[in-house]
Structure formats: structure tokens, C-alpha cells
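Taking it in order: structure first as C-alpha cells, then the write-up.
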Amino acid sequence: MLFKVFPKEELSRLYTLLAPDRIIGPLTKGRDQHGHPLYDFAVSRNFAELRLDYGQTLHSLKNFFLPYREDLCSFSFPKDGSGNWHKEVDYGAFVPLVFFGLHPCDINALNKLDKVLLEGRYPNPFYGAKRAKAFIIGHSCTPQPFCFCRSMGTDTVLRGFDLFLTPLDEVYFAEIASSRAFHLLEQLSCREPNDHEHRRYRQQITTRESLFEAQVETSDLTKILDLEFQAPVWQEWGRKCLSCGTCAQVCPTCYCYGVEEKVDMDFTRAHKEKMLYSCNLLDFASVSGGHNFRPQSHTRLKYRYYHKHRGFVEAFEESLCVGCGRCGQSCLAQITVPEVIASVRASGGNE
Amino acid sequence: MKSFAKTSLKSFLGVPLARPRVAFFELSSCEGCQLQLLNNEATLLEFLALLEIVRFREGMKEASDDYEIAFVEGSVTRKDEEERLRNIRAQAKIVVALGSCACFGGVNQLKNRFHDLEWVKQEVYGSWPVDTQEAKPLSAFIAVDLEIYGCPIKKEEVERIVTDLVLGQQVRHPQYPVCMECKAQENICLFDLGEPCLGPVTRAGCDAWCPSNRLGCWGCRGPAPEANLTQLYAIMRDRGISQERILDRLECFGGFAGFVADLKKEKGEEGKE
């Protein structure tokens, strides 16, 4: 890894250099009933509106790579009745996207999605086309009370970005991970970090580590989940669950989807449309003939935890959860990952 | 799916498609759902090309009783409407309940909240002789083949449903609640703004129309097939939303009548203790 430092006021110059592409960054979306700001990733029009000190965004940035709805292909049928239909596929990657100010959890989330959607046997070209056009600038964060990324090993990030910035007093400490980032920084008044800045950077890491509050004990978790598959505590969470799919919609790594075919009203076109779905929704496991493998709320909620914390770990030796805490924050029933995992771990332990 | 007479010039992938004869009817309603269909200039001609409309009071003078599909808007609030509805059922191959009034009673059923309907009649109409009874959905009197939810209906959804009907495809309603569509629009949750919202229990399909305009959902499309009302009620109470306010919302369109009845019974019993 290459390290450089540059004065903080130079950051707006970096923004300007990247402005010909579409810049996505954390912006203030509004305020909640108590006046606290609410953030989301959105297309940014000027540097001043970026909120790089944001705690967490309401939604993840996955819809820039995995849109909530996306046409997988469309068909056109000639009116002459000849039957010479034509198929079109559009990967939906229009302009290069610059992500300005992603926290380690969200960069790690993209790295995990890559494992499934790019590095698997059947790479997903819709995801890949958008991913290939992304330039990612990471930014260090202040852990929020609900963040448990440290438990998931996703509080730091080693790859998956072009540039990672940590503010230190008057400078940005920059980790450079791509040649494009290196050449961009050449256009700023950059220099090598000195010993003092090395120490400050390491101090910063220690300070940040001390700020984490929420945690999830992950040791032997796959085995414990297997042992506690029938634990009654799942039913308690199931009674709370609204089966609304919110957790999956805000999750940076939930990629499950359904596909629907739609025919235009004039019968000259048809579309195969993909829609991000959630395993918490009633008909997620419904199959032809009408059978539903998971008709009960708790079996669906459990399935989501088993995919994140068991199935994915067995396949990739890491969890699919990055501990961003969005699902718990947006769940009206206040179902949070740390509490669910702790309750399952506690199951059977009191005998 | 029932088949229609093949009177169409349309075809899809070489298969000729029927152009069903369709009639629109209105019982007690504002006819706003029917107006929604006419309100769609961009695709109106395509929509009309799918169907042979033989009766549509909002858009034509002619009226025939020779139809295969009947779209019935409104709730039943009079004796003569019951009779009319049974005649429609006898004629139509498919009866479609169009809009919240037809599906659940709609805003009309709010009067059912009052125990003394004679008093309601007196308050509203005075001494004017009006035949009126408890407002009920179509399904209280006849078998309904298909329900199209919403107050008003969403025209894009009607177009999709009619296209599926003509193609002979299964008509699918979303099985998930409004939250899914609201999150897909990345709205700020109404609960974060301190507002009540029935999005977590209401059937989707409206594209989170109201929440996207910062109005909490009033449940006009009725409950999603899995609606955890007990939990949502507890959540709202925890957030300091009064029972009266919650009931106003749940009772507005009639879709949650079962839960409301249970709740009132339960609370009534608590009150007696």
C-alpha cells in the first residue's frame, strides 16, 4: 500500500477533478422528528453538500449496483405477425460512478457481493458492468452505537477501493490502491507522510477501536446455529417480525431477487424484470403448485440469519453480514442482529 | 382462466387473442376509480384496443347487457344494489371488484361504526326518504373472481391486470407490504418523522404512493396476506400514537375490519375490568 498526505483544503480539488463522472456521496436527506439529520447516498452536485462526517446512511448503496428493479432483457415483436422477435439486453451501466466517502463496512459489502456475483461460476454481467465503472474513495468513520462491524471483521478494509482517506488534524492520510488514484493525487499538493503522521494515524486507529459499543460473538457461530435450529427463541423473534422486507432492502449485501415477465399493453414488447426480494416475505419460498416451504414468519426470519451467518460462512469462510447495523436501525420491531445472535447463543445454555 | 369469444384482431407470438366484452358498473361510490381509467391519456387507446367496452357510464352513452367481464365499483348500501349485483353476477363470466369500496366497503363503511344506523340516516338526510343499509363489500353477496385494490385504483396496475386477463395469464398481486416499495424509493420512514403509517401491514402495488409524498399509509389496499397487526399496533402505541388515531386509520377503508373488531372487543373487556 502507498501512503500519501495532502492538505484538507485540497479535497475539493480532488472532487473537481472527478466531477466529469457522476459523483455519489453521503448527503443530508432530511431530519427526523427530533431534528437529527438523516443521511443517504445520492448523486452529488457540489462538494459543499457532501457530509463526510455522516454516522450511517439510511439505505445502503447497493442499488447503484443492484437496482431494486431492473430489466434483465426485453423483447420486441414485429406487428406484421412474422414472428421474427428480437431480444435486447442492457446492462444499465451508463456513466462511470465515483463513490465519495464510503465507510469500510460498505466497501467490504461490495467485496462480499463480488464473491457471489463476479467470482462465482456464473458471473452477473449486470452487476459486473456497473462495478467495473466504479471509482471508490473510502473515508474513515466514527463508530455509531449500533455498529458491530468490528465483530464481523469488516471495521477495516484492505482492498476494493481506489483511495481511502483518514482525516488527521490539517491533512488527509491517503491510502492509494489504484494507479488512477495515484495519478489523481499527483495533481494535488501531495507528499510522503512523516513519522509524526504515522503515529497520529495509528493513534487514530486505537481511538476508533475504543468507540465500538455493539458486538456479536461469532466464535463457533455456524455450529451453534446448527445446534439451535429448533430453539424456541426463533419463534419469539418470528412473532415480532412484520415480514415487511425492510431489513433486506436496506442491507448492503442482500442480493436475492425474483423475476417477472411483463407484456406491454400493445403486445409489441415484453420484459423480463428482476426485483430485489427478501427471504422474510411470505412468498419467498413459494413454488409452482402453490407449496410454500416457509409459510411461518419465524422460519423466514431464521433463514435470513442462516444465510448471513452460517451458509455464507461455510461457502466463503466469512460472514455475509458487515455489521453496518442498518437492518436493526430500520426495523420497526427493533429486531437487531446483536440481540438475535445473543439470544440464540443463550438458548440451551441454561440447562 | 375462463375463455372469451375470439373476436379480436390482436395476437401475441402468433396466438390470436380474445377481446373480451366488458361492462363497468357503479354501486355506492364516487366513480373515481372509473375516472382513473379515463385519466390515462397516454395509454388510453391501447387500453381500449384490448377490450370491447359495452357499458361505461363515465365515457359513453350506449349501454349493453351482453358482456363477459364486469368491473364493479362501489359498495352495497341499498337493497336494490344487492339485486343489481346478483344480476351482474348471473351475466358475467368474471366479476371484478374495482377499488376499496367494492373490495372492503371503502370509506362508505365508516358509517358502520355507528350502532344506530337510523340515527346516521337522520343526521345526514333528515326527513328525506332514503333507502340505506350497512355498507358492505361485493363479496358479502356474490362470489368475486378478482379484486383490484386501492382508493383510487392505480391505473398502471389495472392495465397490467387487464393485459394478463387478455393473455390468459395468472393475475398476481404483490404478497408483500408497502414497506418494500417504500424502501425501494429510499424514502425516509414515516415513523422516523413521528407519523403513523400502515405500510408494514398493507398490501403493496401502489408503489408507496402516499409515503413517497410524506403521508403515512392509510391502508386503502387492505391487509397484505401476512400482516402482523398485533405487532404494528404495539409499535404504534410504544411510539405514543393514541389508540383513537390508530383506529381511525385502521377503520378508514374497511380492509382491517376483522382486526379492528377483535381489538375493540379486547379493549372493551379491558375497560370493564
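Computed packing ranks the peptides A:175-185, B:214-224 as B:214-224, A:175-185, most packed first, by mean other Cβ atoms within 10 Å.
Relative contact order of the range B:178-231, taken over Cα pairs closer than 8 Å and 6 or more residues apart, is 39 percent.
Within the range B:18-32, whose backbone N sits under 20 Å from a point 7 Å along Cα→Cβ of B:Arg84? Residues B:22-32 qualify, since their backbone N sits under 20 Å from the label point. Counting every pair of alpha carbons in the range B:11-167, the share spaced more than 19 Å apart comes to 56 percent. Residue separation of B:Arg113 and B:Tyr125 scaled by 0.36 nm, minus their Cα-Cα distance, works out to 2.6 nm of gained length. As a proxy for reagent exposure, A:Met265, A:Met1 were ordered by neighbouring Cβ count within 10 angstrom, fewest first; the result is A:Met1, A:Met265.
Across peptide A:238-250, the mean count of Cβ atoms from other chains lying within 10 Å of each residue's own Cβ comes to 6. Classify chain B as rounded, prolate or oblate from the Cα gyration tensor: take a ≥ b ≥ c as the square roots of its eigenvalues, call it rounded if a/c is under 1.5, otherwise prolate when a/b beats b/c and oblate if not. Here chain B falls in the oblate category.
Rank these for me by crowding, B:Glu62, B:Glu195, A:Glu228, going from fewest to most other beta carbons within 10 Å.
B:Glu62, B:Glu195, A:Glu228
Placing a pseudo-label 7 Å from each Cα along the Cα-to-Cβ vector at A:Ala346 and A:Ala129 gives an inter-label distance of 5.0 nm. Look at the stretch A:260-270: the mean tally of other chain Cβ atoms within 10 Å of its residues' Cβ atoms is 5. Ordered from longest to shortest, the equivalent ellipsoid semi-axes for the range B:178-272 are 23, 14, 10 Å, each the square root of 5 times a Cα gyration tensor eigenvalue.
Label separation (B:Leu193 vs A:Val259): 3.8 nm, computed from points 7 Å beyond Cα along the C-beta direction.
Neighbours of A:Gly323, meaning other residues whose beta-carbon lies under 13 angstrom from its beta-carbon, give a summed charge of -1 when Lys and Arg score +1 and Asp and Glu score -1. Here the relative contact order of chain A, from alpha carbon pairs under 8 Å that lie six or more residues apart, stands at 21 percent. For chain A, the membrane-span-like helices by this rule, meaning whole DSSP H stretches whose C-alpha atoms cover at least 15 Å of axis and whose Kyte-Doolittle mean is -1.0 or above, are A:104-117; this says nothing about an actual membrane. Here the range B:192-214 is scanned for amide nitrogen atoms under 14 Å from the site 7 Å beyond the Cα of B:Asp164 along Cα-to-Cβ, giving B:204-206. Counting Cβ atoms of other protein chains within 10 Å of each residue's Cβ and taking the mean over peptide B:224-231 gives 6.
Which FRET efficiency value, to the nearest 0.05, do you get for B:Gln133 and B:Val171 by plugging their Cβ-Cβ distance into 1/(1 + (r/R0)^6) with R0 = 25 Å? After rounding, the FRET efficiency stands at 0.20. Projecting the Cα atoms of A:Ser151, A:Ile341, A:His139 onto the charge dipole of chain A (Cβ charges, centred on the Cα centre) puts A:Ile341 farthest toward the positive pole.
Most exposed first by the Cβ proxy, i.e. fewest other Cβ within 10 Å, how do B:Ser242, B:Ser75 rank?
B:Ser242, B:Ser75
Quick one: net charge around B:Ser139, please, counting Lys, Arg +1 and Asp, Glu -1 for every other residue with C-beta under 12 Å from its C-beta. Net charge around B:Ser139: 0. Computed packing ranks the peptides A:195-206, B:127-138, A:154-165 as A:154-165, B:127-138, A:195-206, most packed first, by mean other Cβ atoms within 10 Å. A simple packing score, the average count of other Cβ atoms within 10 Å per residue, orders the peptides B:102-108, B:142-148, A:142-148, B:116-122 as B:102-108, A:142-148, B:142-148, B:116-122, with the highest score first. Residue separation of A:Glu317 and A:Glu236 scaled by 0.36 nm, minus their Cα-Cα distance, works out to 26.2 nm of gained length.
Read-outs throughout are calculated quantities, based only on the coordinates presented, and are distinct from any laboratory measurement. Just so you know, these numbers come straight off a predicted model, no measurement behind them. Heads up, the Cβs are rebuilt from the backbone with ideal geometry, glycines too, and the neighbour counts pull from every protein chain shown.
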